[in-house]
Structures are given as structure tokens and as C-alpha cells.
Amino acid sequence: MTPITLDFSNMVAERLGGGGVEAERLGGDLADRFRSAHESVESARHSGEMGFFELPYDSVALRRALDLADRVEGRFENLVIIGIGGSALGARTLRDALLGPLWNERSNEERAGRPRMYILDNVDPGAVLDTLEHLDLRRTLFNVVSKSGSTAETMALYLVIEGLLIEELGADEVGKHFVFTTDAESGTLRSIAEAEGISSLPIPDNVGGRFSVLSPVGLFPAALVGVDAAALLAGAARADEYCRTPVLRENPAGLMATLLHTAHSEAGASIHVMMPYSERLRSFSFWFQQLWAESLGKAHDRSGNVVHTGPTPLPAVGVTDQHAQVQLFMEGPLDKVVVFLAVTGLGQRDVSIGTHRASVPSLAYLGDYSLGRLMDAERQATAEALRQGGRANMTFEIPHLDASTLGELFMLMFVATVYAGALYDVNPLDQPGVELGKELAYGLMGREGYDPPEQSDPDVRWRLERG
């Protein structure tokens with residue numbers, strides 16, 4: 001199996017004409033800096049703090065997910081994932097990357113009897129109704145994903161759907177339409193599952209939401225819709241293996257983290273663009289956005305000092321954003337690095353353009369090519385245009401898009417993220433900035449033990465509105 005490779009030549013000063021990183025530093029101070037980051041990550045791995053490293057080898061979790069998928073296979077036309085953040089973004093990425101964004105539009109025969117997959121990760125009532133009114137609840141399985149079992153948005157959606165199912169089916173039948181993916185021992189969902197005999201899968205205690213796609217959070221829905229979950233983990237194990245080296249030039253996750261951190265800390269490139277040239281990886285760019293932002297955007301370093309550091313990840317997709325954001329990337333502030341994802345082997349999924357308009361000079365050059373060749377030419381041209389403009393960029397080359405390479409890509413990004421956390425000297429596993437908003441929302445909703453925020457003066461608000 002050919003691994004994913006990283007072309008970082010457009011990050012090097014010798015090719016950027018003065019910008020970028022001097023090549024000799026990759027064997028000098030940056031290599032030393034990465035070696036220290038690598039040691040920090042390895043120490044956290046061996047302490048059990050970074051549980052995502054263990055996921056590719058968790059045969060028990062894989063077997064549980066596969067067994068539960070086998071038990072419910074054929075009983076449901078629809079699978080709805082109820083979660084938020086990492087509890088939903090990974091499942092959407094799996095569906096779109098491996099089954100295609102239009103999976104739900106295919107007939108039952110085209111899906112080989114596998115269920116459609118929908119994601120509810122927002123409490124916008126219009127969006128919720130748009131989904132639920134479209135489904136036959138009697139033929140729908142709801143996978144509620146919350147490690148704590150108390151996430152307000154997820155639990156609100158669960159209560160709404162449970163109420164609808166009670167009305168539709170009666171209380172005795174409702175539990176058959178739920179699977180809970182939650183903490184192994186504690187929390188509201190765990191208590192309900194055990195009290196009412198609802199099927200459930202455990203999330204490892206040392207795996208946070210944004211690092212959970214290779215746990216039962218992603219494995220169960222993947223298996224149910226026919227994705228090779230074992231291959232997903234095998235690909236992740238492959239990336240884990242080649243990212244264990246402390247040698248910077250031989251570690252693609254280390255190179256990504258080190259080069260992006262250096263571009264930010266030394267050249268002010270605080271915006272890191274994830275730009276796949278694949279419509280099937282559009283969702284991946286949003287999955288990466290949460291991973292990078294929530295892991296690295298922190299007010300304090302590991303010693304408690306106020307730092308307010310972290311890059312801003314920006315999703316984009318080629319070729320669409322060549323006619324949207326690339327103008328900004330080319331001529332806007334020098335504060336961005338673009339990370340391209342290139343699927344180099346399209347296999348049978350390509351379309352010939354055709355020579356039937358060869359007599360039209362402005363179209364004739366297209367006739368001997370395919371859409372895949374055109375897309376890749378535009379990617380290469382965009383990367384080169386950025387380079388000529390002194391704009392740093394790098395490219396991960398993916399030989400083909402299947403469960404194994406997607407698992408490899410997930411693990412690459414996990415490892416790059418924790419290396420970057422070590423380089424920024426922040427904890428990449430927590431998210432304290434999210435907690436205050438949660439607590440204030442609890443207060444507004446009247447949850448016991450939480451105070452509502454101070455309200456603005458209505459007279460002042462009226463004066464501002466009325467003049």
C-alpha cells in the first residue's frame with residue numbers, strides 16, 4: 001500500500017524567493033525543535049493521555065461496532081447521527097468521502113440495502129423539521145453521540161425525537177430505534193441505556209470528541225453503511241507507524257506541524273487553509289477546521305501564562321474556491337499557508353471531456369483530456385502561482401480515496417495536531433474556551449446550579465435602536 005506523501009517544496013525559501021524556511025534548518029534548529037515536541041508527545045502517548053493513538057489497535061471496540069451493525073442490519077432505511085462537533089463531523093466526513101455526498105439520493109438497490117445517513121448537529125428547528133418530516137420514523141435508527149451524555153444540543157434533539165417516537169410507536173418500542181455512543185460508565189445516556197436496555201457503545205475515557213472518529217463514534221455508522229471499518233483502522237495504524245520517527249524530514253505529520261508553526265510564529269502566517277481538490281473531501285476540510293481550531297486556539301500555555309495563541313484554520317475546496325478565495329490567497333495579506341490535498345489516482349471515477357467541439361479553437365485543447373486531468377492541472381497551477389507570488393503552500397498526495405487511506409489521513413492530522421500543540425506549548429486535548437458559553441446557556445435555560453448572564457439595560461438597547 002502506497003502511503004500518503006507530503007510535498008513541502010513550496011514551503012522552502014530556496015523556491016519561494018526569500019520567504020519560507022531555509023532548507024538547512026530542517027536538519028538544524030527546526031529538527032531539534034521537532035525532536036523536543038516528539039518527545040513530549042511520546043511521553044503523553046505512553047502515559048495514556050492521548051488515547052487516540054490506541055484506537056487503530058482496539059480490536060474489541062471494532063468487534064463491538066461490527067457486531068451491533070450486524071444485529072441491526074436490514075431493519076432500518078435511515079440512520080440519523082445526533083451529535084455536535086467531533087461527534088458528528090467525523091461521520092459526515094466518512095459518508096461524503098467514501099460513499100459520496102449524494103449517498104442518500106441513491107435507490108435502495110444502489111445502496112445494496114444499506115441505510116441512508118443523515119446528520120443532526122444543529123438545534124435550528126427549521127433544519128430539524130426538514131430532516132424529520134422527510135423520514136419514516138418507523139424505519140429510522142437514531143445514533144445519539146455524546147461522551148458526557150449531557151450535551152445540551154444533543155440531548156435536546158434526543159428528547160424531541162424520543163417524544164415523536166413515543167407518539168408514533170408507543171413507549172415500549174422506542175428503545176429499539178436508538179443506539180447510544182457515550183461514556184463507558186457514567187452520564188445520563190449511560191444510565192438510560194442500562195435502565196432501559198438500549199443498545200450502546202463506549203467511547204474510551206481518554207479520547208475526546210474531535211479525536212474520536214476512529215472510535216465507535218465513527219466505526220459503528222461506517223460499518224452500518226458498508227464502509228470497511230477494519231481497513232479504516234489499518235490505514236490509521238500505517239500512519240501511526242511512519243509518524244513515530246523523531247527525524248523531522250522523515251515524519252510528514254511532524255513536517256506539517258513544524259512548517260505551519262514556523263510560518264505562523266516567524267512570518268505571521270496565522271491562517272492555515274485546508275484545500276482538498278476533491279468534492280468528496282469537502283467535509284474533511286470542516287472536520288480539520290474543528291480539530292485544528294479547538295486544539296490549538298488557547299488563552300494559556302501549559303505553564304498557565306497568558307498567550308492567546310493559535311492559528312485560524314480556513315476550509316476551502318478546489319476547484320470551486322479558485323474563483324472565490326484564491327484571489328485573496330494570491331494578493332491579500334501574507335498571512336496564509338495553503339495545505340492542498342490531491343487525490344492522484346482517480347481510477348474509474350473520471351470523465352472524458354470529449355472532442356466533439358474540436359473545431360472551436362477556445363475549446364479544442366480540452367478535448368483530449370478528462371475532468372480529473374483538468375482538476376489536477378488546476379491544482380498544480382494554483383500551487384505554482386502561489387509559489388511564484390511568494391505564497392507558501394504544501395501538498396499531501398493521496399494515491400486513492402478509500403477507507404484505508406482516509407483512516408491514514410485522519411491519523412496524520414491527529415498526530416500533526418498534537419505535535420503542533422507541543423510546538424505552541426498548549427494543551428491540544430482540552431477546550432476551556434467552550435465551557436463558559438455552555439455554562440451561560442445552561443443559566444439562560446434555567447438548569448439547576450447555573451446562573452444566567454447579566455442582561456443588557458433595556459433602556460440603553462432601546463436608545464441604540466431608536467436613536
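Report the full-extension gain for the segment residue 360 to residue 300: residue separation times 0.36 nm, less the Cα-Cα distance, to one decimal in nm.
Taking residue 360 through residue 300 to full extension adds about 15.5 nm, to one decimal.
Within the P(r) computed for region 194-245, what percentage of the Cα pairs occupies the region above 15 Å?
Pairs farther apart than 15 Å: 59 percent.
Show me the ranking of peptides 270-282, 4-16 by mean Cβ neighbours inside 10 Å, starting with the highest.
Ranked from most to least packed, the peptides come out as 270-282, 4-16.
Would you mind ranking 140, 344 by Cβ crowding within 10 Å, fewest neighbours first?
Ascending number of Cβ neighbours within 10 Å: 344, 140.
Taking the Cα centre of region 51-227 as the origin and placing charges on Cβ (Lys, Arg +1; Asp, Glu -1), which of 98, 74, 211 is farthest toward the positive end of the dipole?
98
Within the chain, what is the number of lysine pairs with alpha carbons under 28 Å apart, leaving out pairs fewer than eight places apart on the same chain?
Lysine pairs meeting both conditions in the chain amount to 5.
Just flag the trypsin sites (Lys or Arg not before Pro) in region 309-376 sitting in loop per DSSP whose Cβ has no more than 14 other Cβ atoms within 10 Å.
Listed in order of number, the matching sites are 349, 357.
Please tell me the relative contact order of region 282-429 in percent, rounded to the nearest whole number, where contacts are Cα pairs under 8 Å and at least six residues apart. The partial results should precede the final answer.
On the way: 167 pairs, mean separation 46.8, N = 148.
It comes to 32 percent, rounded to a whole number.
Tally Lys/Arg at +1 and Asp/Glu at -1 over every other residue whose Cβ is under 12 Å from the Cβ of residue 318; what's the total? Provide the component values of the computation, followed by the final result.
Numbers: positive: 282, 379; negative: 279, 321, 376, 378.
Once all neighbours under 12 Å are counted, the net charge is -2.
If r is the Cβ-Cβ distance from residue 425 to residue 247 and R0 is 22 Å, what FRET efficiency results, to the nearest 0.05?
It comes to 0.50.
In nm, to one decimal, how far is the residue 148 label point from the residue 286 one, both placed 7 Å along Cα→Cβ?
So the two model labels end up 2.3 nm from each other.
Please give the residues of region 228-266, grouped as numeric ranges, whose backbone N is less than 17 Å from a label point set 7 Å along the Cα-to-Cβ vector of residue 7.
252, 256
Can you tell me the 0 to 90 degree angle between the C-alpha axis of helix 432-444 and the longest principal axis of the chain, rounded to 10?
30
Order 390-397, 27-34, 328-335 from most to least packed using the mean count of other Cβ atoms within 10 Å.
Descending packing order for the listed peptides: 390-397, 27-34, 328-335.
Give me 368, 321 sorted ascending by neighbouring Cβ count inside 10 Å, so fewest comes first.
Arranged by neighbour count, lowest to highest, 368, 321 become 368, 321.
Where does the chain land at 222 nm, in deg cm²/dmol rounded to the nearest 500, when only DSSP H runs of n ≥ 4 count, each adding -39500 (n - 2.57), divided by all residues? Don't skip to the answer; put the middle values down first.
On the way: 18 runs with 215 residues, N = 467.
Helix contribution divided over all residues of the chain: -14500 deg cm²/dmol.
Any read-out appearing in this document is the output of simple, stated calculations on the displayed coordinates, not a laboratory observation. This is a predicted model, so every value here is computed, not measured. Every residue, glycine among them, receives a Cβ derived from its backbone with ideal geometry; neighbour counts consider all protein chains shown.
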